[in-house]
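Take a look at the structure set out below.
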Amino acid sequence: MSDFERELGWEDEIQKDSEFEVLPKGDYDFEVIDFKRGRYDGGPNLPACNKAIISLKLTGKGGAATITQNLFLHSKTEGILCAFFEAIGQRKHGESLKMNWGNVVGSKGSLKLGINKWTNKDDEEMESNEVKKYYLPGNIAKSNNPVNSPVGEELF
């Protein structure tokens, strides 16, 4: 079987086991390994808007994994967007920035990871990782010391 991503046919042979694992909450370094444009249909807290779907490769004392995060392009979430671009070194705190999504893949930074718990439709308790905050460059995640700026505040 090939290592590249592709659409599967109805009769294709499969063998790759699921690699999904929830990492422990804590601080991790990350690298942006993928970016896609998408659309959010809207919900009770946020109207319909564009969204960036980013894949982050995380490494830290809790292990290594890849997670996906949606960054919503709306004025209500502008602080999160600013925090992300500060974390990857493309924005300085307090300055305006024209978002350059073409330069996001390959960018590196640090973040605080949390665990999101919910109950699915079968009444089973589920868990997944979620980004809680981004750290400014130079504030290595292992320091456990977020800065006193919007980047250091909880995102959710």
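The values are calculated or read from the model by the stated rules, or taken from the named source; none is laboratory data. This structure is a prediction, so every number in the text was calculated from the model and none was measured. Cβ placement follows ideal geometry from the backbone for every residue including glycine, while neighbour counts extend to all protein chains displayed. Just the protein is used for accessible areas: all its heavy atoms, side chains included, with ligands, DNA and RNA removed. Shrake-Rupley method; radii C 1.70, N 1.55, O 1.52, S 1.80 Å.
Observations on the structure shown:
- Lys pairs, the range 16-79 - Cα-Cα below 27 angstrom, 8 or more residues apart or on other chains: 14
- Backbone amide hydrogens, once placed in the peptide plane, bring Ser110 within less than 5 Å of Phe30, Tyr135, excluding anything fewer than 5 places away on its chain.
- Farthest positive-ward along the range 19-118 dipole, Cα basis, beta-carbon charges - from Leu111, Thr59, Thr77: Thr77
- Computed 3J(HN,Hα) for the range 44-49, one whole-Hz value per residue from the Karplus formula 6.51 cos²θ - 1.76 cosθ + 1.60 where θ = phi - 60°, is x, 9, 8, x, 4, 6, glycine and proline marked x.
- For the range 1-135: Kirkwood Rh in Å [reciprocal of mean 1/r, alpha carbons]: 16.9 Å
- Summing Lys and Arg as +1 and Asp and Glu as -1 over all other residues whose Cβ lies under 9 Å from the Cβ of Val32 gives a net charge of 0.
- For the range 99-140, the Kirkwood hydrodynamic radius from C-alpha pairs, put into Stokes-Einstein at 4 °C and a viscosity of 1.567 mPa s, yields a diffusion coefficient of 100 µm² per second.
- Counting only heavy atoms of the protein chains and using a 1.4 Å probe, Asp12 has close to 70 Å² of accessible surface.
- Computed on protein heavy atoms with a 1.4 Å probe, the accessible areas place Cys49, Cys82 in the order Cys82, Cys49, largest first.
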